[in-house]
Amino acid sequence: MDMLTQAEQRTLEQRMQKRQVKEFMGAFGNLVEHCFDSCVDDFSSKALSSRETGCINRCVSKWLVAQRRVSDRFQEHNQQLAQQMNK
Amino acid sequence: MSFLGLGRPQPTSEQKIAAVEGEMRMMADTYNRLQAMCQKKCIPTDYREGELNKGESVCLDRCTAKFLDTSIKVSEIMQAEGQAAGNQGGGGLF
């Protein structure tokens with residue numbers, strides 16, 4: 001990273017941002033698919049039932065806290081690796 | 001050492017960016033796989049609660065550690081295989 005000039009870093013950041021937008025859309029799509037698959041399987045009505053709505057709510061919030069937790073552990077792991085390399 | 005960039009071909013700007021980008025992408029890819037995998041292994045899909053319970057939380061922590069260790073292990077084995085193949089002078093897998 002520190003080998004790049006400022007202009008190069010800007011180019012890189014722009015590319016990563018574009019990628020992030022794409023990845024976010026992908027993750028969103030996956031989450032919809034996952035919660036639909038887990039919560040919705042009764043098609044006797046065209047409206048989501050209160051049970052299904054509740055399940056979707058819990059599915060999304062649980063997904064978010066789980067992502068957060070794994071992300072924290074991932075960062076800790078990387079920090080440990082970096083510290084080991086500096087020793 | 002090179003003086004004013006002479007003596008050794010310097011990587012172009014594009015090459016340097018691509019190298020760093022590739023590294024970041026690999027990291028992001030590992031991260032995304034980790035998230036998907038541990039979600040799948042640790043979170044039951046009945047969604048009776050919207051919060052993580054104790055068991056699920058611990059599972060996520062351990063899953064993360066194991067996934068990352070697995071990733072390191074696999075890369076070590078692949079490297080060793082690659083070196084062995086290189087020493088034999090035969091064509092490696094990669």
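Read-outs: derived from the displayed coordinates by stated rules, not from any lab. Remember, predicted model here, so these are calculated numbers, not experimental data. In this analysis, Cβ positions are derived from the backbone assuming ideal geometry, glycine residues included, and neighbour counts consider all displayed protein chains.
Some notes on this structure:
- Unit charges at the beta carbon, dipole of the protein assembly as shown: most positive-side option, B:Tyr47, B:Thr12, A:Ile56: B:Thr12
- Overall form of chain A per C-alpha gyration tensor (a/c, 1.5; a/b vs b/c): oblate
- Here region A:55-74 and region A:16-45 have alpha carbon centers that stand 14 Å from each other.
- Helix A:6-39 axis versus longest C-alpha principal axis of chain A: approximately 20°, rounded to the nearest ten.
- Under a model in which nothing but the beta-carbon of Lys, Arg (+1) and Asp, Glu (-1) is charged, the protein assembly as shown shows a dipole of about 160 debye around its Cα centre.
- Tail beyond 13 Å, pair distance distribution of region B:14-86 (Cα, percent): 74 percent
- With a Cα cut-off of under 22 Å and a minimum spacing of 8 residues unless on different chains, the lysine pairs in region B:14-86 number 7.
- Ranked by the mean number of other Cβ atoms within 10 Å per residue, highest first, peptides B:77-84, B:27-34 order as B:27-34, B:77-84.
- Taking the Cα atoms of the protein assembly as shown, the ratio Rg/Rh between the radius of gyration and the Kirkwood radius comes to 1.10.
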